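S.K.: Structure incoming, see below.
The values are calculated or read from the model by the stated rules, or taken from the named source; none is laboratory data. Predicted model, so just to flag it, every value in this text is computed and none were measured. Backbone-built Cβ (ideal geometry, glycine too); neighbour counts: all protein chains shown.
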Amino acid sequence: MQVTYPRDGALRIADLGFLAMPESQDAKRFLATLFKIPEVTRVEIAPERQIAEIHFDRPLAPREMARRMGAQTVVAAADEETRLPVLATDPSGLVRLHRYGEVISSWSIVSEMPGRVRFRNAHLYRKKQLCQDIERELMTVFGVDRFKVNPQTCSALIHFDPAALDRWQLLECLEMALRHAQEDPSPAKNNHELLVCTAAAGLAAVAQFAAPALLVPAAALFVYCAVPTMIGAWDTLFKERRIGVDVLDAIVVIACLFTLEIFAGAVLAWCLSFGRMLLERAQEDSRRRLINVFGKQPRTAYLYRDGVEILVPLDQVRPGDIIAAHTGEVIAADGVVFEGDALVDQHVLTGEAVPVEKQAGDKVYASTLVIGGRLLITVESAGRETATAKISAILNDTAAFRLTSQSKGEALADKAVLPTLGLASLGLAAVGVPGATAIVNCDFGTGIRMAAPLALLSSLSVCAGRGMLIKDGRALEQMDEVDTVLFDKTGTLTHERPQLHRVHCFTDLDQDAVLTYAAAAEQRLEHPIAAAIVESFRALGRPFLKTDQSSFKIGYGISVHIDGDPVLVGSSRFMALEDAKAPPSVATIEQEAHGEGHSIVFVAVAGQVVGAIELAPKLREGVREVIAGLRERGVRQIVIISGDHDKPTRKLAETLGVDRYFAEVLPQDKARYVELLQAEGRKVCFVGDGINDSIALKRANVSVSLRGASTVATDTAQLVFMESDLWKLCEFRDIARELDKNVNLSWQIILVPNLLCIGGAFFLGFGVMASVLANNVAAIAALANGLRPRGMYASETGSAKAAAGSILTAAKGLLRGPGASDQASAPASEDDPDSLMSHVALRRGRGFFIWAGLAGLALPGIPGWPLLIVAVALGAGGKFGGARLDRWVRSRFPQVRAEALRFAHMLMDDLDRRFPDPPALAGLSPTLRIEARA
């Protein structure tokens with residue numbers, strides 16, 4: 001071993017063999033020994049040269065530093081208390097460790113100010129997947145407002161709330177993120193792809209229009225940009241052994257090279273790169289919103305021991321511990337309230353808009369917020385075992401689901417490859433190589449591969465924000481096809497807890513006295529019947545009678561002593577078993593109650609049955625509205641299934657106006673009735689409790705559970721409502737329908753421009769440039785359409801506010817125009833909103849064709865004069881052009897027009913709601929109001 005002093009405050013040790021393997025136990029013991037010396041601030045290890053450089057405070061002399069190192073080696077050869085970070089080699093070949101107080105970290109602090117800090121770790125260089133894993137970890141940290149992890153600068157910029165956490169906790173979070181991150185073993189991707197493609201397009205433009213000498217370097221840069229496309233085509237041909245849309249892109253690249261259409265090819269490469277970048281960012285943003293929708297989890301908790309609250313890391317909290325939660329704090333773990341009462345906002349988990357009062361015995365969940373009060377909570381689960389963590393994991397898995405409509409669209413696009421090549425062969429003979437290349441470029445698969453997954457993620461985000469957890473993506477696809485909804489009666493249409501129907505009296509005791517005895521005996525029991533009796537008694541406002549010598553017999557009832565008298569509360573069999581005397585009318589009353597589907601609880605005092613409490617099922621709020629809403633949404637048949645007797649089930653079916661009912665069905669037989677309905681050719685949605693109906697839930701096309709967050713991990717249903725609100729079933733139907741419409745619309749957005757481009761190549765002289773623009777603009781438009789579900793519900797879902805802003809921005813851009821000539825060019829009927837929308841569409845379309853035509857005069861491959869003629873034709877109608885266009889579209893394409901107007905009206909309604917007209921615009925026409933507001 002050699003020891004040198006290269007400069008002040010540094011000591012270098014060489015020829016230590018174990019330094020070649022920093023992760024070895026010897027190396028870890030050596031590092032732990034070094035950091036036991038308080039003056040050590042930084043250690044750098046070069047494994048290849050077996051050198052360690054130790055940086056320490058300058059007032060300490062080098063010899064004193066060496067002496068302390070020797071002393072520490074003797075005293076503590078292995079330090080079990082020092083927690084070392086991940087020992088990874090950075091791109092420069094070094095392992096760097098820094099000391100910040102008691103924290104040893106591989107991250108260095110570059111800059112810091114209150115609420116903002118920038119960390120650096122060279123291990124991040126060009127490791128995009130690792131940076132994304134770290135960002136996902138930061139998403140769950142309570143107190144972190146926003147962040148950016150950059151693989152090029154190896155830095156993490158974090159904005160945080162200093163009152164919620166400090167930089168030491170941030171360092172621990174970053175180290176934990178590095179420890180848990182799953183690195184992608186494949187080589188890092190080129191993160192400059194879009195920049196290089198932009199440079200290639202710019203250089204090719206200069207070469208084509210100004211300096212032909214630059215054509216060779218432009219072509220070389222274009223070839224470099226086309227490498228991902230060629231690799232994709234190679235994999236499709238030789239690994240998947242099929243001819244897909246990637247092959248068409250490769251053919252276009254080769255054709256552009258041979259025909260020297262370098263500029264058009266560079267634009268194609270740029271569009272493909274831009275589309276990939278846009279899709280990646282949109283998907284990551286949607287996943288971030290989706291996973292983050294259930295709130296952030298704190299990393300510390302106040303552990304309550306012997307009357308003292310101690311702040312500890314959350315990973316030290318174990319089931320059975322007691323933690324404290326105060327006003328303004330997020331509950332750190334799932335558990336049961338041990339002491340205290342508070343108002344808790346749990347909308348992130350259940351979707352409830354109103355805070356809920358929690359007191360001793362109530363269940364609370366991690367990530368919910370204490371608005372007011374203080375709770376002591378007995379921990380049941382913490383960390384990755386909480387309901388919130390399990391829900392986030394389920395959502396992450398569901399987000400990877402592949403829509404059948406996407407698969408069908410891609411399969412259809414692949415099937416269209418050979419016909420496209422056949423048309424290109426005809427185009428080659430008819431219009432030459434440019435037209436044939438334009439036809440080959442008209443593929444239909446690129447856009448749908450971007451739009452469909454994004455639409456799914458957007459819909460999942462909407463559902464999660466509304467308290468609907470989708471465990472199986474097939475539920476979103478098949479819900480729109482459902483024509484039959486099968487409701488389980490108990491616990492679904494009715495509450496588990498019954499309600500007081502009547503109190504029967506058999507002696508001189510009145511109804512309140514009978515209820516008082518029953519409530520005193522049942523007050524400590526938790527089953528639904530006991531809860532219903534206690535709730536009814538509390539409504540009287542009386543205190544509970546004192547009891548002693550209680551004895552509970554499962555399946556029969558409970559016996560207690562009140563003022564020395566034995567009191568029995570339970571079934572008629574329990575009364576007979578305890579020899580309690582009952583009047584003859586008891587049997588008749590019990591028989592009539594059972595015939596109505598009611599429950600009877602008898603009360604006996606001092607050996608005499610004094611009364612009976614009759615409890616009836618309590619219908620859930622809004623059930624009738626839900627059934628009406630389902631019928632409005634196209635559900636043809638609504639069915640009730642129950643294990644109850646025929647008479648009460650029939651009565652409920654008649655009350656709700658359902659089509660069919662099945663009574664006296666055992667839980668294990670419910671699946672058979674699902675299959676019976678499916679045998680009739682029906683698509684069945686089963687709504688049950690998620691546990692007892694597990695077989696039926698698995699057999700149904702779509703299965704829904706109302707059990708909430710407590711059983712989310714064991715629930716067999718495809719869809720779990722965090723809050724027992726049946727109206728969410730109608731909302732889910734709407735979301736599923738919008739998803740199906742969205743994917744179909746994306747397919748039309750892709751299909752129509754490409755078909756028109758193929759026609760244009762034959763009849764209008766379209767070249768490669770026109771084809772590239774049409775194909776890729778359509779793909780990007782389909783991608784934007786994939787974001788639309790999130791924006792449509794943005795006003796009601798807090799997690800989608802950014803998407804709503806982008807849609808409003810797009811709406812303003814659509815409606816922005818000159819304004820000066822609006823009155824002259826307004827539609828014939830300005831008060832007709834449909835005509836107004838047609839007028840706006842006419843003006844925007846006319847402007848598009850004008851700009852496209854002017855571009856066509858300058859760029860080869862775009863038919864400039866035909867596009868200008870179309871623009872002139874659109875404006876030829878003058879004042880009545882909008883009305884004539886509207887009448888023509890109304891007669892020829894009514895469905896397309898209706899869908900476009902519906903979307904436009906939705907945008908305008910959102911605009912009206914967010915930005916009402918100021919008084920100054922009250923006297924203007926609708927057109928001018930739109931223009932002025934935009």
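Yes or no, residue by residue, for (1) surrounded by fewer than 21 Cβ atoms within 10 Å (Cβ to Cβ); (2) closer than 20 Å to Leu237 by Cβ:
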residue	(1), (2)
Lys415	yes, yes
Pro419	yes, yes
Asp443	no, yes
Ser458	no, no
Val485	no, no
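S.K.: Just to be sure, is Arg29 among the basic types (Lys, Arg) and free of Cβ contacts under 8 Å to residues at least 24 places away in the same chain?
M.R.: No, not satisfied.
S.K.: Which of the following residues is at pLDDT below 75, farther than 20 Å from Ile439 by Cβ, in the same structural domain as Ala770 (by TED's automatic domain parsing) and assigned to a helix (DSSP H, G or I): Ser286, Ser273? First the steps, then the outcome.
M.R.: Details: Ser273 fails: at pLDDT below 75.
None of the others qualify; the one that does is Ser286.
S.K.: Collect the residues in region 588-607 that are at positive phi and either aliphatic (A, V, I, L, M) or touching a strand residue (DSSP E or B) at 6+ places or on another chain (Cβ under 7 Å) (or both), keeping them in residue-number order.
M.R.: The answer is Ala606, Gly607.
S.K.: If you don't mind, there's one more thing I want to ask. Return only the number of the condition from (1) within 38 Å of the chain's Cα centre (by Cα); (2) without any contact (Cβ under 8 Å) to a residue 60 or more places away in the chain; (3) surrounded by 17 or more Cβ atoms within 10 Å (Cβ to Cβ) that Met468 does not satisfy.
M.R.: (2)
S.K.: Only one of these conditions is not met by Glu625: (1) among the acidic types (Asp, Glu); (2) surrounded by 13 or more Cβ atoms within 10 Å (Cβ to Cβ); (3) not assigned by TED's automatic domain parsing to the domain that holds Ile529. Which number is it?
M.R.: Only one criterion is unmet by Glu625, namely (2).
S.K.: Same structure, new question: Which residues, taken from region 371-388, are touching a strand residue (DSSP E or B) at 6+ places or on another chain (Cβ under 7 Å) and either at pLDDT 80 or above or small (Gly, Ala, Ser) (or both)?
M.R.: The answer is Gly372, Gly373, Arg374, Leu375, Leu376, Ile377, Thr378, Val379, Glu380, Ser381, Ala382, Ala387.
S.K.: Based on this model, can you work out whether Ser585 counts as at pLDDT 85 or above, touching a strand residue (DSSP E or B) at 6+ places or on another chain (Cβ under 9 Å) and not aromatic (Phe, Trp, Tyr)?
M.R.: Numbers: at pLDDT 85 or above: yes; touching a strand residue (DSSP E or B) at 6+ places or on another chain (Cβ under 9 Å): yes; not aromatic (Phe, Trp, Tyr): yes.
When the stated conditions are applied, Ser585 passes them.
S.K.: May I ask you to verify whether Thr437 is among the β-branched types (Val, Ile, Thr), under 30 Å from Ile243 (Cα atoms) and buried (at least 23 other Cβ atoms within 10 Å of the Cβ)?
M.R.: Considered against the rule, which asks whether it is among the β-branched types (Val, Ile, Thr), under 30 Å from Ile243 (Cα atoms) and buried (at least 23 other Cβ atoms within 10 Å of the Cβ), Thr437 comes out as yes.
S.K.: Of the residues Ala761, Ala781, which is of a type in the set (Gly, Ala, Ser), closer than 30 Å to Phe263 by Cβ, surrounded by fewer than 24 Cβ atoms within 10 Å (Cβ to Cβ) and at pLDDT 80 or above?
M.R.: None of the others qualify; the one that does is Ala781.
S.K.: Hey, Leu138 hits all of (1) buried (at least 19 other Cβ atoms within 10 Å of the Cβ); (2) in contact (Cβ under 8 Å) with a residue 40 or more places away in the chain but one; which does it fall short on?
M.R.: Single failed check for Leu138: (2).
S.K.: Report whether or not Ala200 is crowded, with 17+ Cβ neighbours inside 10 Å, among the hydrophobic types (A, V, I, L, M, F, W, C), in contact with a Leu (Cβ under 7 Å, 6 or more places away or on another chain) and modelled with pLDDT of 80 or more.
M.R.: Judged against the criteria, Ala200 is a match.
S.K.: Okay, next question. Going by what's in this entry, would Val569 be described as touching a Gly at 6+ places or on another chain (Cβ under 6 Å) and surrounded by 14 or more Cβ atoms within 10 Å (Cβ to Cβ)? Even if it seems obvious, please write down each step before you answer.
M.R.: Values: touching a Gly at 6+ places or on another chain (Cβ under 6 Å): yes; surrounded by 14 or more Cβ atoms within 10 Å (Cβ to Cβ): yes.
Considered against the rule, which asks whether it is touching a Gly at 6+ places or on another chain (Cβ under 6 Å) and surrounded by 14 or more Cβ atoms within 10 Å (Cβ to Cβ), Val569 comes out as yes.
S.K.: How many residues are at pLDDT 80 or above, of a type in the set (A, V, I, L, M) and not in a loop (DSSP other than H, G, I, E, B) when one looks only at region 345-368?
M.R.: Final tally of qualifying residues: 1.
S.K.: Right, next: Do you know which residues across region 599-630 are among the β-branched types (Val, Ile, Thr) and in contact (Cβ under 8 Å) with a residue 60 or more places away in the chain? Outline the logic, then answer.
M.R.: Residues of region 599-630 that are among the β-branched types (Val, Ile, Thr), as a first pass: 600-601, 603, 605, 609-610, 613, 623, 626-627.
Within region 599-630, Val601, Val603, Val605, Val609, Val610, Ile613, Val623, Val626 qualify.
S.K.: Let me ask another. Going by the structure shown, is Leu577 in contact with a Phe, Trp or Tyr (Cβ under 8 Å, 6 or more places away or on another chain) and at pLDDT 90 or above?
M.R.: Considered against the rule, which asks whether it is in contact with a Phe, Trp or Tyr (Cβ under 8 Å, 6 or more places away or on another chain) and at pLDDT 90 or above, Leu577 comes out as no.
S.K.: Go through (1) among the hydroxyl-bearing types (Ser, Thr, Tyr); (2) at pLDDT below 80; (3) in contact with a strand residue (DSSP E or B) (Cβ under 6 Å, 6 or more places away or on another chain) and name the single condition Thr73 misses.
M.R.: Going through (1) among the hydroxyl-bearing types (Ser, Thr, Tyr); (2) at pLDDT below 80; (3) in contact with a strand residue (DSSP E or B) (Cβ under 6 Å, 6 or more places away or on another chain) one by one, Thr73 breaks only (3).
S.K.: Would you check if Leu16 is modelled with pLDDT of 75 or more and either surrounded by 13 or more Cβ atoms within 10 Å (Cβ to Cβ) or closer than 30 Å to Gln169 by Cα (or both)?
M.R.: no
S.K.: Here is a further query. Check every one of the strands (runs of 3 or more DSSP E) wholly within region 95-180 and list those with 2 or more residues that are of a type outside the set (S, T, N, Q), at pLDDT 80 or above and in contact with a Gly (Cβ under 9 Å, 6 or more places away or on another chain).
M.R.: Here the list reads 155-160.
S.K.: Same structure, new question: Tell me whether region 413-422 contains one or more residues that are in contact (Cβ under 8 Å) with a residue 12 or more places away in the chain, in a helix (DSSP H, G or I), in the same structural domain as Thr655 (by TED's automatic domain parsing) and not small (Gly, Ala, Ser). Show your work before the answer.
M.R.: First, the residues of region 413-422 that are in contact (Cβ under 8 Å) with a residue 12 or more places away in the chain: 413-414, 416-418, 420-421.
Going one step further and asking which of them are in a helix (DSSP H, G or I), we end up with 413-414, 417-418, 420-421.
Subset that is in the same structural domain as Thr655 (by TED's automatic domain parsing): none.
No - not one qualifying residue is present in region 413-422.
S.K.: Next question, about the same structure. Confirm whether Val330 is farther than 30 Å from Ala455 by Cα, among the β-branched types (Val, Ile, Thr) and modelled with pLDDT under 85.
M.R.: yes
S.K.: Also, I was wondering about something else. What are the residues in region 628-663 that are among the polar types (S, T, N, Q) and surrounded by 18 or more Cβ atoms within 10 Å (Cβ to Cβ), if any?
M.R.: Ser642, Thr649
S.K.: Go through (1) in a strand (DSSP E or B); (2) modelled with pLDDT of 80 or more and name the single condition Arg497 misses.
M.R.: Arg497 satisfies all of (1) in a strand (DSSP E or B); (2) modelled with pLDDT of 80 or more except (1).
S.K.: For region 517-533, check the following and say yes or no: at least one residue is in contact with a Gly (Cβ under 6 Å, 6 or more places away or on another chain), outside the structural domain of Ala779 (by TED's automatic domain parsing) and surrounded by 22 or more Cβ atoms within 10 Å (Cβ to Cβ). Let's see the steps before the verdict.
M.R.: We begin by selecting, within region 517-533, every residue in contact with a Gly (Cβ under 6 Å, 6 or more places away or on another chain); these are none.
The answer is no; no qualifying residue exists.
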